[in-house]
Amino acid sequence: MEGKPLAFRITGLVGSLLLTLGAYLLIIDPGFFYLTKETAIIAIVILAALQAMIQFIFFLNVWREKGPPWNLGVFISTISIILIIVIFSIWIMHHLDYNMMPKMKS
Amino acid sequence: MVSDSKVFGFWVYLMTDLIVFAVLFSAFIVLRNNTFGGPSGRELFSMPFVLTETLLLLTSTFTCSLGMLFVHRNQKRSAIFWFLVTFVCGLSFLGMELFEFSELVKGGDSWQRSAFLSSFFTLVGTHGFHISIGLIWMSVAMFRIYLCPLTSDVISKIFRMALFWHFLDIVWVFIFTVVYGMGHIL
Amino acid sequence: MKKNFFTGKLTFESLPDHWYTIGGTVFIILVGLIVAFILTKKKRWKWLWKKWLTSTDPKRIGTMYMIFAGLMFFRGMLDAGMIWLQQSLAADSQGYLSSDHFQQIFTSHGDIMVFFVTMGFFFGLMNWIIPLQIGARDLAFPFLNSLGLWLTVSGGVLLNLFFVIGGQFANTGWLAITPLSELEFNPGVRVDYLIWSLQLSGLGSLLAGINFLVTIIKKRAPGMTLMKMPLFVWTSLCAMVLIISAFPVLTATTLLLWLDRVLEMHFFTAGFGGNQMMYINLIWMWGHPEVYILVLPAFGMFSEIVATFSKNQISGYVSMVWAAIMITVLSYLVWLHHFFTMGAGANVNSFFGIVTMFIAIPSGVQVFNWILTMFKGRVQFQSPMYWFVGFLILFMFGGMAGVFMASPPADFQVHNSLFLVAHFHTMIVGVALFGIFAGTTYWFPKIMGFRLDEKLGKRAFWLWFVGYFVSFIPLYILGFMGATRRLDHYASSTHWQPLFIISTIGFVIIACGCFTQVMQLIISYKKRKEFSDQTGDPWDGRTLEWMTTSPPPFYNFAVIPNVSTREAFWEMKQKKLPPSKSYQEFELPKNTGMGIYISVFAFFAGFALVWHIPWLALLGALGALTCVIIRSFDKHTEYMLTAEEIERVESSRGQG
């Protein structure tokens, strides 16, 4: 791939495009793929993660460093932190809202 | 290039920026349903409009990578051309976003209406603010390509701008999915 | 509040009109005038600008950080003394402070001590010692280093500015809990002062964090692999990882609070769907890693000190590294223990309680290794070791209180009581502050070229150590007796007053300790010829910083050493390896005023955002941006130091 930088970038574009359009179709009409609403949500999040990976690989070139993989290491630890922040916040706030918020909130 | 200290340092900075967005995403997800009697995402968002914005940004990230390719090949005119295309796509994206915001405000659904709308405007607005910074940076970079010989120092600076721009499209992928996508489905 | 286009919310009523704001203003002006007078008399303005303020040398920047932190420490201790005095007097009376004033004091005490004192001292010592310990000449980004310092200073100035303009600081506690910090209950600018001083210094800390991270990863001397780094470098690396992971959360969360206030958004408001519990969740997500940022560098410093003064390499180096890494990872999974009582329920509380208890394990590994190092060595009890033993005892004490509170049912009894206050002060004073004192004493000869007076140092230690117990044991007891924190007055029927008075006596003892430390500095300076460090290695050290003269030349190392073992300098001494004399030219960064200019613009932008002056905010932002762009076009940011010049400097120092 090193020798064909243009093809490399076009692959990234096409991959991202397909994933975007796929997600769009899922959003507009989850039933088209015989998916429930909840499953559709999981599906589009997976598609987003895949597209992010494609863009990281094809546009940001994370994996192409020489020497110890510090860029990758910092990236993985950031993703872990982000997952902790988002997932734990949802879990904690869900429990707090259930226990502590007045039942007739809008 | 990617083992250059300055690029690594900037990469670390981008990671911290991702964490800022993660907090904004968390706030949005937690507050999604707090519409305080007002409209929800499904009622407010136009998916075709958002798809257009998404495609604009995706194109811009691709043309940005082309610009970078020509910088590496020391072909200044092609580089500036592709960055200019990127700039136009980015500016159009920003224009569309500002239009969306002004329509919401005109309809009485501003950031003051509810927690949901506050978190929507903040998350999408912060991304838009980053896009604006990116556009300014891109203008400076195009100027730099025009004016300076493309030494490794200069290429490193432009590369960092390109990294910033690419990263913004990746964040948008998640905004598209979590804000508009989930908003439309649920 | 009425808003004018040109002056925002500023009116003549913003000028000082209370005894403490007038007093503070007069003090600030007086100190400023005295300093200006001295500088003019000795014609040192140009020297100050060229040699200090615009310097990109991490040694200069480190010294400036420490001076700044010292000044803020004075203010923080003053706040502490006022709190103690109020609580001793206020049984069945209002004491000498109004409730509101008292609330401002404990708020600013917390923010100053956490953001400016401890972080300032640590960044100062790290700037000095990290490059030396890894065999580098400078940090990875010297300009960013200067910018980080000046942003922190501008944050500190903004925090203190309320004395002169505004008259009130936030009354919300150091973390500005919502909804008290929201517009509905705090319509003035006092909370905005807190928010923007935190944003500015937070940005400074983030930039410093990135800088040290890249430096430690990329700028080590050849041969120094990660597992050969000194433990101070390891724990600093871990602290930097925490900074880059946690500070963005602070930035984002205070941004949301500010948006609630300036644009009337509803993230955390009491109404319109806002959720105040989300604020607590987010702010502690930053807050917990922050306290580990404060203690990890201290652990590393103590490892160096114990090894040197035990004449023994640190026991269990590999386990120490893994313990530091474990602490780093776990510290990101425990933040809920700060709000067990908020109501998340048993499932959530148990998870966080268990993980919190787990953190005690790597801490224990560290403690046992230190003790083993001493046991297997020949210990010399110089004053840094006194601070170490004091730290060990306090760490055990405070740590056990922490493990006690890690259990949610126990925490329900003592949450937000004085027991909690005693616990976290034990950790911050006993670990972070004692670490700073130990590290400063240990590295003082390297930094200044002369040792500190040992007798006064030991006396200061005893005053601090005894004073600490006298002031904080009563607080632990008061906590169990039901005394909540942040109380400005109480009924005498609680029988709390005697304990508060004993606690204040403890503070007086501590204050004597501080006074002794100031005396120590003055007397040591007077006797500097007698205490001077001729060899560069006064303690028979083991790590690379002791290889240079005291103080080191401005480029640290004439020749970057090659490293092959864990204690590079110790090995050099054992093998009696002479230093290399083959000098080659290298580049050094030039001084620059850009860091100051950008920070001044940022300060004005922050000020304008506090007072709602849009045109000034825009000007500040554009000014800072323009400076950044101009700096990016500057091709002459470095200069070459030739081999002849190096030769000249080295021989004038008796090294050539």
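Has the range C:183-206 got at least one residue that is without any contact (Cβ under 8 Å) to a residue 60 or more places away in the chain, buried (at least 24 other Cβ atoms within 10 Å of the Cβ) and either among the basic types (Lys, Arg) or within 11 Å of another protein chain (Cβ to nearest Cβ) (or both)? Looking for residues that are without any contact (Cβ under 8 Å) to a residue 60 or more places away in the chain, buried (at least 24 other Cβ atoms within 10 Å of the Cβ) and either among the basic types (Lys, Arg) or within 11 Å of another protein chain (Cβ to nearest Cβ) (or both), one finds none in the range C:183-206, hence no.
Among the residues in the range C:526-538, are any assigned to a helix (DSSP H, G or I) and at negative phi?
Kept after step one, since they are assigned to a helix (DSSP H, G or I), are these residues of the range C:526-538: C:526.
This time we only want the ones that are at negative phi, so: C:526.
Yes: one or more hits.
Of note, C:Lys455 satisfies the criterion of being more than 22 Å from the chain's Cα centre (by Cα) and in a helix (DSSP H, G or I).
Being within 14 Å of chain C (Cβ to nearest Cβ) and modelled with pLDDT under 95 narrows it down to one of B:Gly134, B:Gly108, so name that one. Give the derivation first.
Numbers: B:Gly134 fails: modelled with pLDDT under 95.
After applying the criteria, what remains is B:Gly108.
Assess whether C:Thr592 counts as being of a type in the set (Ser, Thr, Tyr), open to solvent by less than 30 Å² (accessible area, probe 1.4 Å) and either part of a strand (DSSP E or B) or in contact with a helix residue (DSSP H, G or I) (Cβ under 8 Å, 6 or more places away or on another chain) (or both). Yes, satisfied.
Take the conditions (1) open to solvent by less than 10 Å² (accessible area, probe 1.4 Å); (2) within 20 Å of C:Ile283 (Cα to Cα); C:Leu158 misses just one of them, which is (2).
Show me the helices (runs of 4 or more DSSP H) entirely contained within chain A in which 3 or more residues are open to solvent by less than 40 Å² (accessible area, probe 1.4 Å) and more than 8 Å from every other protein chain (Cβ to nearest Cβ).
Details: elements: A:5-28, A:37-58, A:70-83, A:89-100.
Qualifying helices (runs of 4 or more DSSP H): A:5-28.
Assess whether C:Pro384 counts as being modelled with pLDDT of 95 or more, assigned to a helix (DSSP H, G or I) and open to solvent by 30 Å² or more (accessible area, probe 1.4 Å). No: the conditions fail for C:Pro384.
Output yes when any residue across the range C:241-262 is over 27 Å from B:Trp11 (Cβ atoms) and at the interface with another protein chain (Cβ under 9 Å from one of its Cβ atoms), and no when none is. Let's see the steps before the verdict.
As a first pass, look at the range C:241-262 and keep what is over 27 Å from B:Trp11 (Cβ atoms): C:257-262.
Those still in the list that are at the interface with another protein chain (Cβ under 9 Å from one of its Cβ atoms) too: C:259-260.
Among the residues of the range C:241-262, at least one is over 27 Å from B:Trp11 (Cβ atoms) and at the interface with another protein chain (Cβ under 9 Å from one of its Cβ atoms), which makes the answer yes.
When C:Met285 is tested against (1) closer than 30 Å to C:Met374 by Cβ; (2) open to solvent by less than 10 Å² (accessible area, probe 1.4 Å), only condition (1) is not met.
For the range C:270-287, indicate whether the set of residues that are outside any loop (DSSP other than H, G, I, E, B), of a type outside the set (Gly, Ala, Ser), touching a helix residue (DSSP H, G or I) at 6+ places or on another chain (Cβ under 8 Å) and away from chain B (no Cβ under 14 Å) is non-empty. Walk me through how you get there before you give the answer.
Keep residues of the range C:270-287 that are outside any loop (DSSP other than H, G, I, E, B), which gives C:276-287.
Remaining after also requiring of a type outside the set (Gly, Ala, Ser): C:276-286.
After this cut, where a residue has to be touching a helix residue (DSSP H, G or I) at 6+ places or on another chain (Cβ under 8 Å) as well, the list is C:277-286.
Next, from what is left, pick out any that are away from chain B (no Cβ under 14 Å): none.
For the range C:270-287, residues outside any loop (DSSP other than H, G, I, E, B), of a type outside the set (Gly, Ala, Ser), touching a helix residue (DSSP H, G or I) at 6+ places or on another chain (Cβ under 8 Å) and away from chain B (no Cβ under 14 Å): absent.
Here is a yes/no grid of residues against (1) more than 11 Å from C:Ile165 (Cβ to Cβ); (2) open to solvent by 90 Å² or more (accessible area, probe 1.4 Å):
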position: C:Phe6; (1), (2): yes, yes
position: C:Leu10; (1), (2): no, no
position: C:Pro16; (1), (2): no, no
position: C:Thr25; (1), (2): no, no
position: C:Ile28; (1), (2): yes, no
position: C:Ala36; (1), (2): yes, no
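Listed here are the residues, each with its yes/no results for (1) within 14 Å of chain B (Cβ to nearest Cβ); (2) open to solvent by 30 Å² or more (accessible area, probe 1.4 Å).
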position	(1), (2)
C:Phe604	no, yes
C:Leu618	yes, yes
C:Ile629	yes, yes
C:Glu644	no, yes
C:Glu650	no, no
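When the range C:69-104 is filtered for residues that are crowded, with 22+ Cβ neighbours inside 10 Å and within 20 Å of the chain's Cα centre (by Cα), the ones remaining, listed by number, are C:Ala69, C:Met72.
Okay, residues lined up against (1) aromatic (Phe, Trp, Tyr); (2) more than 26 Å from the chain's Cα centre (by Cα):
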| position | (1), (2) |
| --- | --- |
| C:Tyr332 | yes, no |
| C:His338 | no, no |
| C:Ala344 | no, yes |
| C:Asn347 | no, yes |
| C:Gly353 | no, yes |
| C:Ile359 | no, no |
| C:Val365 | no, no |
| C:Phe368 | yes, yes |
| C:Ile371 | no, yes |
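The values are calculated or read from the model by the stated rules, or taken from the named source; none is laboratory data. It should be emphasised that the depicted structure is a prediction, and the values quoted were computed from it without experimental measurement. When we count neighbours, we look across all protein chains shown, and the Cβ atoms used for this are built from the backbone with ideal geometry, even at glycine. Quick note on the areas: whole protein, heavy atoms, side chains included, nothing else; ligands and nucleic acids left out. Shrake-Rupley method; radii C 1.70, N 1.55, O 1.52, S 1.80 Å.
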